[in-house]
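What follows is a set of notes on a single structure, which appears directly below.
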Amino acid sequence: MKKIKLNSGYDMPIVGLGTWLSESNQVYNIVKQALEMGYRHIDCAAVYGNEKEVGKALKESITDGIVKREEVFITSKLWNTEHKKEDVLPALEQSLNDLEVEYLDLYLMHWPVAIKKNSNFPLSAQDFISLEEIPLNETYEAMEGLVKNNLCRSIGVSNFSLKKLKELQSNCEISPAVNQVELHPYLSQNNLLNYCKEQNIVLTCYSPLGSSGRPDQMKAENEPRIMDDLAIKSLAQKYNKSEAQIILNWSISRGTIVIPKTVTPSRAEQNLKSQDFTMETEDYKKVDELDRHYRFVTGEFFTPEGCVYTISNLWDE
């Protein structure tokens, strides 16, 4: 299992199992099977609603001697309704309780968006709190306290633009170890990646295969499918690999971490093996050329009419 050393000093496995949109009755099985096949990195979040099932699978795997706790890298995320500094610790404690662990390896601020407590989707403009009222640095400072109290080993952010990441860094004590963002051949995030490499911040790619399994209401009409791209299919044939393996291998070659979600054991095994081969330099360049700055996860669910958040100020583009 290849790993990347974080600026916190800890090693993070380069391939992880994503659990977004994994049904609770399915995620238990796939986590147990993934750990048996060699996965040592599980990506979770409170809002996914399945951390209890992940925790049960993890605990049983430890009890059965499949893994030791210290061998598994567990990530969770602070949801938008818990951005007030007094809410951060209780939110982490809930995830620790659900996951049945004493510490997290990584805790991320899920979105640079604050929402009122007890708000549910679909959200209205009145459900949101501006970043002037709850600054991102206030939330992050509370997360720094979690590290100091040994409740998580590393902290970071998710869905942060280059601008927001720079602003956070200028006012924080503990530099983010990770920024988890949508990243794939159609959204290569070159500027963000280059900056993060300079700053020793690791990018984790969510939806690294294009997230075709997300809910229909999150999909655009006639949106492209990366797996159907002719360049990807040609490379898959050339190297006798799946299209998913070509895409994930490209991301890994750039020094980013991938967390593809699946509940199918055969696909999970394929994804894990995406780190086990190397393509020719010219073929990586062919994938580089596919970038079209296309987001599958647009964040529109955080930008209802009249809201303080807009697509423009969410991504700073």
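The values are calculated or read from the model by the stated rules, or taken from the named source; none is laboratory data. The structure displayed is predicted, hence computed values, not measured ones. Don't worry about glycine lacking a Cβ; one is built from the backbone with ideal geometry, like all the others, and counts go over all protein chains shown. For accessibility, only protein heavy atoms count, side chains too; no ligands or nucleic acids. Shrake-Rupley method; radii C 1.70, N 1.55, O 1.52, S 1.80 Å.
If you filter the range 69-93 down to residues that are open to solvent by less than 10 Å² (accessible area, probe 1.4 Å) and not hydrophobic (A, V, I, L, M, F, W, C), you find that the one that is farthest from residue 14 (Cα to Cα) is 83.
Could you give me the residue pairs with C-beta distances under 6 Å whose first residue belongs to the range 119-131 and is under 17 Å from residue 47 (Cβ atoms) and open to solvent by less than 30 Å² (accessible area, probe 1.4 Å), whose second residue is acidic (Asp, Glu) and modelled with pLDDT of 95 or more wherever it lies, and which are 6+ apart or on separate chains? Between residues of the range 119-131 that are under 17 Å from residue 47 (Cβ atoms) and open to solvent by less than 30 Å² (accessible area, probe 1.4 Å) and residues that are acidic (Asp, Glu) and modelled with pLDDT of 95 or more, the close pairs are 119/127. Taken over the range 298-312, the criterion of being open to solvent by less than 60 Å² (accessible area, probe 1.4 Å) and not hydrophobic (A, V, I, L, M, F, W, C) is satisfied by 298, 299, 303, 304, 309, 310. Given the condition touching a strand residue (DSSP E or B) at 6+ places or on another chain (Cβ under 9 Å), aromatic (Phe, Trp, Tyr) and not in a loop (DSSP other than H, G, I, E, B), answer yes or no: does some residue in the range 139-154 qualify? Within the range 139-154, one or more residues are touching a strand residue (DSSP E or B) at 6+ places or on another chain (Cβ under 9 Å), aromatic (Phe, Trp, Tyr) and not in a loop (DSSP other than H, G, I, E, B).
Against the test of being open to solvent by less than 30 Å² (accessible area, probe 1.4 Å), under 24 Å from residue 224 (Cβ atoms), under 19 Å from the mean Cα position of the chain (by Cα) and of a type in the set (Lys, Arg), the options 254, 295, 267 yield a single qualifying residue, 254. Considering only residues in the range 187-229 that are assigned to a loop (DSSP other than H, G, I, E, B) and in contact with an Asp or Glu (Cβ under 6 Å, 6 or more places away or on another chain), the one that is modelled with the lowest pLDDT turns out to be 207.
The condition of being of a type outside the set (S, T, N, Q), surrounded by fewer than 21 Cβ atoms within 10 Å (Cβ to Cβ), over 21 Å from the mean Cα position of the chain (by Cα) and in a helix (DSSP H, G or I) does not hold for residue 66. Does residue 228 meet the test of being surrounded by fewer than 20 Cβ atoms within 10 Å (Cβ to Cβ) and in contact (Cβ under 8 Å) with a residue 40 or more places away in the chain? No.
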